[in-house]
1. Any residue at all in segment 229-244 that's closer than 19 Å to Leu67 by Cβ, surrounded by 23 or more Cβ atoms within 10 Å (Cβ to Cβ), modelled with pLDDT of 95 or more and not aromatic (Phe, Trp, Tyr)?
2. For segment 474-494, enumerate the residues that are surrounded by 11 or more Cβ atoms within 10 Å (Cβ to Cβ) and either acidic (Asp, Glu) or in contact with a strand residue (DSSP E or B) (Cβ under 9 Å, 6 or more places away or on another chain) (or both).
3. Look at Val36 and say whether it is part of a helix (DSSP H, G or I) and under 30 Å from Leu272 (Cα atoms).
4. Within segment 625-679, can you find the residues that are within 17 Å of Ala699 (Cβ to Cβ) and among the hydrophobic types (A, V, I, L, M, F, W, C)?
5. What are the pairs with Cβ atoms under 7 angstrom where one residue, in segment 671-683, is in the same structural domain as Ala696 (by TED's automatic domain parsing) and the other, located anywhere, is among the small types (Gly, Ala, Ser) and assigned to a strand (DSSP E or B)? Sequence gap at least six, or different chains.
6. For Tyr736, are the conditions met, namely being within 16 Å of Ala650 (Cβ to Cβ), buried (at least 18 other Cβ atoms within 10 Å of the Cβ) and of a type in the set (Phe, Trp, Tyr)?
7. Filter segment 623-641 down to residues that are at pLDDT below 85 and part of a loop (DSSP other than H, G, I, E, B) and give me whichever is farthest from the chain's Cα centre (by Cα).
8. Any residue at all in segment 496-507 that is free of Cβ contacts under 8 Å to residues at least 24 places away in the same chain and in a loop (DSSP other than H, G, I, E, B)?
Amino acid sequence: MSHPLYVAFIWHQHQPLYKSRQTNGDAMSQYRLPWVRLHGTKDYLDLVLILEKYPQLHQTVNLVPSLMLQLEDYAAGKAMDPYLALALTPEADLSDRQKQDIIKNFFDGHYHTLVEPHPRYNELYHQRQEKGHTWCADNWTDQDYSDLLAWHNLAWIDPLFWDDPEIAQWLKQGKNFTLSDRQRIYSKQREIISRIIPQHKKMQDAGQLEVTTTPYTHPILPLLADTNSGQVAVPKMTLPQERFQWEEDIPRHLTRAWEMYRERFDCDPRGLWPSEQSVSPAILPYITNQGFKWICSDEAVLGWSLKHFFHRDEAGNVCEPELMYRPYRLETPHGDLAIVFRDHRLSDLIGFTYGNMNPRQAASDLIGHLEAIARCLADHQEDGDTYLDKPWLVTIALDGENCWEYYQKDGLPFLEALYSKLSKDEDIKLVTVEEFISKFPPTETIPVDKLHSGSWVDGNFTTWIGDPVKNRAWDMLTEARKVLAKHPEATEETNPQAWEALYAAEGSDWFWWFGEGHSSSHDEMFDTLFRQHLRGIYHALNEPIPSNLDKSVDKHEIKGDRLPQSFIHPIINGIGDEQDWEKAGKIELGGARGTMHRSSTVQTLFYGLDHLNFYLRLDFKTGVQLGKDIPGELHLLWYYPDLTTYNSPAPLGGIPDEAPLNYYFHHHLGIHLLTESVWLEEAEENCHWHIRACRAQAAYDQCLEIAVPWADLHIDPDSSLEILAVFGDHGEYRSYVPEDKFIRLQAP
């Protein structure tokens with residue numbers, strides 16, 4: 001019997017619990033940030049409505065319980081956030097402080113997709129960028145503020161709904177919005193949000209969708225069981241002073257999730273998305289005892305569990321597909337549990353890369369990867385047949401909300417191109433996970449004691465524990481949990497406020513933002529919310545509130561150098577848009593790190609990557625002149641410390657005989673800054689260089705921006721690389737940056 005290649009998309013819908021524990025004494029819930037409302041109008045409903053047009057394509061969507069509660073608050077008109085409060089305030093009544101907040105925050109969103117396409121919104125944005133916040137505060141009229149308040153909400157309404165008569169009229173109107181307009185826009189947001197959960201139920205009842213759930217407030221279950229589990233993947237991890245060990249909280253989160261699901265979908269859930277795809281042996285009995293039949297995790301967890309490193313070819317496809325593309329069985333005291341593992345690279349291509357490509361090209365690229373997987377599986381068959389003789393399952397699992405902000409029209413052209421092509425492809429079949437494992441139960445077993453304790457982030461828990469600030473937060477949580485344990489009379493029935501505050505504090509999101517690794521413009525707000533939830537535990541128990549809860553967990557100071565925080569997709573035009581580079585790595589060179597650097601004409605170096613390119617940006621001192629203060633050429637030199645390759649000395653005259661300039665390198669990209677022309681060389685034997693085809697881009701205007709395609713370098717995925725940026729004139733060495741370190745990256 002031949003099979004198509006089965007593919008399971010799992011879209012994970014989640015936002016932190018923004019609901020404040022402080023109230024104004026009314027029935028309105030206070031939310032500290034607007035992202036549930038804004039993503040609710042842009043990302044949750046359209047994703048399944050687009051899919052509904054292709055009924056033969058089946059998918060899985062995970063709705064986090066705490067997200068559903070927040071969506072329901074907004075749909076019922078019971079939620080108020082600071083951004084919404086400003087939007088509903090008469091513009092003539094805005095205070096100076098409120099106006100400052102509007103100028104600062106109401107362009108939040110990816111500029112190229114949410115601001116730039118709308119002329120009036122773009123006009124106001126450029127006034128702020130070019131003339132500054134103070135000028136706007138001094139010169140903007142009430143109408144300017146009214147238009148900005150309207151556009152921030154309009155831009156977050158998904159393009160799928162732009163044919164709605166009211167929305168179409170607002171888009172056509174463009175400016176001169178009134179308070180009444182803004183009130184009606186808010187009503188339209190509530191209308192869209194109110195359709196989200198019913199639409200998911202409708203499509204699940206029809207068999208096209210499988211809806212799954214997550215532990216109640218999205219906690220990292222292995223760390224609730226035992227924070228020492230962090231040392232499984234990182235044995236030398238520094239742990240919190242106090243060991244958090246409250247396995248009994250796991251069934252509480254699972255039961256709440258189960259009950260909420262049944263109330264909304266009139267059936268039992270089958271699948272569980274463990275928060276952050278975090279698993280460990282300790283949590284499995286609780287999952288099966290609750291009744292769940294399958295879970296999902298990441299390929300890194302599978303690799304650790306099998307003690308196998310997944311190799312990929314130059315195109316990024318797994319060389320051992322028969323190990324990854326199948327469900328596995330986990331045997332627990334309460335029954336078997338199936339587990340599927342996502343293809344990390346395919347998931348990341350959708351999450352971080354395809355938004356920067358032509359939609360049809362991106363859809364074809366994804367299908368090309370799936371076709372390559374099918375060919376590789378067929379090649380590994382013993383019978384030599386070109387058709388698949390076994391059912392294989394490729395799992396693609398990722399956030400279903402955050403990536404679309406970077407796509408044209410919020411992903412609509414990409415998804416329509418992808419679904420249209422897949423609808424015609426008889427060799428690829430989209431299924432829900434439950435459909436597949438019901439028809440093709442797992443035949444391979446991972447012994448429970450061999451299951452790795454880790455998450456989707458590098459197969460470990462360092463994103464949530466191990467950093468001094470993260471550990472401090474765990475100690476604060478442990479202290480509060482012990483206080484609650486000393487009140488056995490405070491049950492979930494008799495004192496629900498204490499338990500709700502605990503569940504909120506146990507969520508993963510606070511630890512994600514604490515310390516090193518991730519940062520946002522709202523770090524202080526996440527810090528405040530975490531401490532509010534902890535204070536809520538003490539308040540509900542009538543216990544004294546520890547003084548440390550009055551102080552921020554983190555310092556929230558502006559950091560200098562930083563590592564890349566996520567994939568980036570800058571437009572290479574020499575402008576250096578701040579949003580394009582906000583998640584890039586950064587090295588301060590001019591004046592930020594001591595007197596020895598103050599003479600540098602290069603002030604800041606930004607660097608980052610996605611699956612298509614390596615990116616570099618150099619910011620120069622104000623007023624410097626190209627060819628006078630800045631040499632006319634930039635030479636990027638890099639080598640690969642973990643690869644055996646030919647290497648050659650830097651092809652410039654006058655190179656000092658000192659490290660690292662006297663290293664031998666494998667690639668050399670030359671850039672003539674005046675003409676923006678580029679050339680690429682690769683080292684060959686006998687210390688020679690030869691020219692390679694080059695599609696790199698360089699642009700110099702307000703800064704220098706460079707993009708180098710990985711495809712030009714022909715290196716293996718996951719290769720480590722170290723780079724120097726060397727300035728020269730007519731092939732003669734002048735200087736290099738950074739002076740005391742390489743730019744270090746790992747290819748995707």
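The values are calculated or read from the model by the stated rules, or taken from the named source; none is laboratory data. Values in this document were obtained by computation on a predicted structure and should not be read as measured data. All Cβ positions, even for glycine, are placed from backbone atoms using ideal geometry, and neighbour counts span all protein chains on display.
1. Going residue by residue through segment 229-244, those that are closer than 19 Å to Leu67 by Cβ are none.
Taking every residue of segment 229-244 in turn, none turns out to be closer than 19 Å to Leu67 by Cβ, surrounded by 23 or more Cβ atoms within 10 Å (Cβ to Cβ), modelled with pLDDT of 95 or more and not aromatic (Phe, Trp, Tyr).
2. Asp475, Glu479, Glu492
3. Numbers: part of a helix (DSSP H, G or I): yes; under 30 Å from Leu272 (Cα atoms): yes.
When the stated conditions are applied, Val36 passes them.
4. Leu626, Ile630, Leu634, Leu636, Leu669, Ile671, Leu673, Leu674, Val678, Trp679
5. Filtered contacts from segment 671-683: Ile671/Ala698; Glu676/Ala698; Glu676/Ala699; Val678/Gly670; Val678/Ala698; Trp679/Gly670; Ala683/Ser648.
6. On the way: within 16 Å of Ala650 (Cβ to Cβ): yes; buried (at least 18 other Cβ atoms within 10 Å of the Cβ): yes; of a type in the set (Phe, Trp, Tyr): yes.
Yes; evaluated as a whole, the condition is true for this residue.
7. The first filter runs over segment 623-641 and keeps only residues at pLDDT below 85, leaving 623-629.
Filter again for part of a loop (DSSP other than H, G, I, E, B), leaving 623-625, 627-629.
Details: Gly623: 37, Val624: 37, Gln625: 38, Gly627: 40, Lys628: 42, Asp629: 39 Å.
Of everything passing the filter in segment 623-641, Lys628 is farthest from the chain's Cα centre (by Cα).
8. Residues of segment 496-507 that are free of Cβ contacts under 8 Å to residues at least 24 places away in the same chain, as a first pass: 496.
Narrowing further to those that are in a loop (DSSP other than H, G, I, E, B): none.
Within segment 496-507, not a single residue is free of Cβ contacts under 8 Å to residues at least 24 places away in the same chain and in a loop (DSSP other than H, G, I, E, B).
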